[in-house]
Amino acid sequence: MPRTPEPPIEASQLHRWQLLKEFNRHLIRAFGSAPLHSSWQDPQRLLAATDYTSLFLLGIFNPIITSMRGLCRASALEKVQREVCRRKVSLGSFSEAQRLLDPELLRHVYEGLSAELARRRRPAASQGALPPMQIVDSTLWHALPRMHWAVWRKQHVTQRALRLHVKFQLADALPAQMSVTPGNVCERKEWEAMAQPGEFHVGDRYYGEDYQALDRLMQRGCSFIVRLRSDARWVVEDELPIDEAARQANVLWQAWVRLGKTGHGTRVRVVRILGQEEQLFLATNLTETEMSAELASHCYRQRWQVELFFRWLKHLMGSRHWMAQSRNGVTVQIYLTMIAAQLLQLFSGERPNKHTLELLQFMSIGWASPEEVVALLKEQANRKSKKQAA
């Protein structure tokens, strides 16, 4: 049964930074789950946690601000102090705060907003036949030379990068879990660390290279579909028939096998499908009754949704410039970027795209009124509805 449609955004919601007020409401609620560092209670500390995070969010929303120094200079403006933070923030205080703010606190805010979005969202018809699945993957960001913790690889010089690992919830089009590590941390290691019993994961070829890791995940009660290398070896135990529905889904062959050259590895079902350029070998621990070959093929093809998410996160949300340098601070910035996207979706009713962000940024610098932004957002939503109906 479809859920009640989200109410249309009103101009009054955009006045006086209602997005920040909504964020602070969720942040204060999260204090009960993840208490603040004791240093925030020091009477000599003038910068409050809510002011720090609100100022950080301003830097994410506002296209003019491109650095931590610029953000601190903006805190001296009267309107910024009135609507975002209560006083001027020094560069030293803002930089120190990244060490004191626990990302666990923002995780609770993120999960609270995700739950609110899930309550408002109508189920997508195109995903109705898919089981609840999480796509595991990671992406790299180049790090600043001063980020000594973010070692990626050493060639002629040490290259620095940080890696964002996610369990991407396909139904919500949002990560269910995220972690930030140096670029050289193994993706399979983080996959095992984040996996919970009862979850169903989909992973690319790298996740299918460690057969012992697959066995450990099976023992933990996880199910999966991962791609195997084209030169993977196994011993066939039971070849399975292919029905017409599977053939229509480009399934060529399936069988229960033991991975490894000698056949002493993990027992999985291998499904061979025809991709756009080559044949793909998919390994799953689900039986034919639990997941048909054609459904296994369809689930794996959804893996590209996480690549679209990474592209959206990096380019649309402008999170390629770091206003923090520590691992803790980078994690805070990524969480705040995702929270900013959730707040925009709560107010606009749609996942923020480039057009939505441009309108809100024009409003933030005074070139558009809230009434104009709302009118254009409604016009965009109407065009999208007509296009979908056609």
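The values are calculated or read from the model by the stated rules, or taken from the named source; none is laboratory data. For clarity, every value in this text was computed on a predicted model and none was experimentally measured. Don't worry about glycine lacking a Cβ; one is built from the backbone with ideal geometry, like all the others, and counts go over all protein chains shown.
Points to keep in mind about this one:
- Against the test of being in contact with a helix residue (DSSP H, G or I) (Cβ under 9 Å, 6 or more places away or on another chain) and surrounded by fewer than 18 Cβ atoms within 10 Å (Cβ to Cβ), the options Gln212, Gln196, Gln177, Gln219 yield a single qualifying residue, Gln196.
- In this structure, Arg220 does not qualify as farther than 26 Å from Gln333 by Cβ, in contact with a Leu (Cβ under 8 Å, 6 or more places away or on another chain) and basic (Lys, Arg).
- Options Val236, Val157, Val166: the member that is in the same structural domain as Tyr300 (by TED's automatic domain parsing) and in contact (Cβ under 8 Å) with a residue 40 or more places away in the chain: Val166
- Some residue of the range 321-336 being crowded, with 16+ Cβ neighbours inside 10 Å, under 30 Å from Arg99 (Cα atoms) and without any contact (Cβ under 8 Å) to a residue 60 or more places away in the chain: no
- Subset of the range 196-233 (residues that are among the acidic types (Asp, Glu) and over 20 Å from Cys299 (Cβ atoms)): Asp210, Asp215, Asp231
- Residue among Arg153, Arg122 that alone is at pLDDT below 90, out of contact with any Phe, Trp or Tyr (no Cβ under 9 Å at 6 or more places or on another chain) and not in a strand (DSSP E or B): Arg122
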